[in-house]
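To keep things clear, I will list the structure first and then write my remarks on it.
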Amino acid sequence: MDSSLSGQAFPVRHKNLSVDIKGHKTDIILCSYDDHFLVIATQIGSMGTILHARKEEGVSIHPTFNVSVVFGKRDEPMLVACARQLIEHMSNSGSSRPLVLALGLRDHSVVQSQ
Amino acid sequence: METGGGGLNAAAAAIGMESIPDGLRIAEEETPSTGSSQSQINHNNNRVCGYIDCGVHITCFSEVSDNGTLHFQIIRLHKQIYAWIGCNSAKFGHLYAAAPTRPNNTVSVTSLLGGASDNTGSGIARRLALKTGLNADAEKKLVQKLINLGYTRPKSDGTSP
């Protein structure tokens, strides 16, 4: 007999928030699976461009990373750079899980931090 | 649902869809969400809002079936739905995208991460995009939940597309 599981923790943790970036409402969703992180940041109501970033196996003390666009815009290098920065930050924080990053942005220009 | 050494224990599908009509009421439902904090500037929690244009809706639930414990996660964006299914697993699995395509809205499916075009996950993604389903247990439960949440188009004359 099928039954719903109540009182048991859902195995995938997630967090979602909404922020305003240069006048655009931006929905951000973070999901933690056993073997991946999923991050969605969208201003357009859809996942947009999806990238896959992972740390490569190696013996060097300096880790290398592989970033690829699996869906969407392949001619926006800043999206790849964004995924590259995130995966490196994650690696430096001690996580070796790959990242699936979905960016649905209205403006791809770089904003200089004040 | 495939299990075992060569089978698929988890599948994720991003499903494109038309914009959901404004004003469509969704049954309010509180979803269990543990381990997630709610620190937000604009509060979006796991509770399904009463009307469509409330932003992102996340629905998570688990069910015990003959194949084991099935975990479902549905993320509804304004113009797209992301669905994840885990069978006794919280691994991400393979990722597929499916959407109606021109010229006659035939649903096309593609594998984005892992997987192939002819296995369980891609089939589920395609049928979810078509909003019909087979009798597979996990897919059936997911489709039923999508119907309950109001994310599917109403049936026309009962014939499958």
For residue A:71, which sequence-distant residues (separation of 5 or more, or a different chain) have an amide H within less than 5 Å of its own amide H, given hydrogens modelled in the peptide plane?
-> A:50
Remind me, relative contact order of segment A:11-104 in percent, using alpha carbon pairs under 8 angstrom and six or more residues apart?
-> 31 percent
Report, by chain and number, residues whose modeled amide H sits under 5 Å from the one on residue B:91, excluding near sequence neighbours (fewer than 5 apart, same chain).
-> A:34
When B:142, B:113 are ranked with the fewest other C-beta atoms within 10 Å first, the list becomes B:113, B:142
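Going by how many other Cβ atoms sit within 10 Å of their own, how do A:10, B:92 line up, fewest first?
A:10, B:92
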Residue by residue through segment A:65-76, which ³J(HN,Hα) values in whole Hz follow from phi under the Karplus form 6.51 cos²θ - 1.76 cosθ + 1.60 (θ = phi - 60°), with glycine and proline marked x?
-> 10, 10, 10, 9, 8, 9, 7, x, 5, 10, 10, 10
What list of ³J(HN,Hα) values in whole Hz, one per residue of segment B:83-95 in order, does the Karplus curve 6.51 cos²θ - 1.76 cosθ + 1.60 (θ = phi - 60°) give from phi, with Gly and Pro shown as x?
-> 10, 10, 10, x, 10, 6, 7, 10, 7, 5, x, 8, 10
If amide H atoms are modeled at 1.01 Å from N in the peptide plane, then the residues at a separation of 5 or more from residue A:105, or on another chain, having amide H under 5 Å from its own are A:43, A:49
Partner shielding of A:28-36, as the mean number of partner chain Cβ atoms within 10 Å, equals 6
Modelled FRET efficiency - R0 30 Å, residue A:57 with residue B:102, Cβ distances, 0.05 increments | 0.10
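Per-residue mean of other chain beta-carbon atoms within 10 angstrom of the beta-carbon, peptide A:37-45?
3
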With θ set to phi - 60°, apply the Karplus curve 6.51 cos²θ - 1.76 cosθ + 1.60 along segment B:65-79 and write out the HN-Hα couplings as whole Hz, x wherever there is a Gly or Pro.
-> 9, 5, 8, x, 8, 9, 10, 10, 9, 10, 10, 9, 9, 5, 10
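Coordinate-derived values only; no laboratory data. Source: prediction; values computed, not measured. Please note: Cβ atoms are built from the backbone with ideal geometry, for glycine as well, and neighbour counts cover all protein chains shown.
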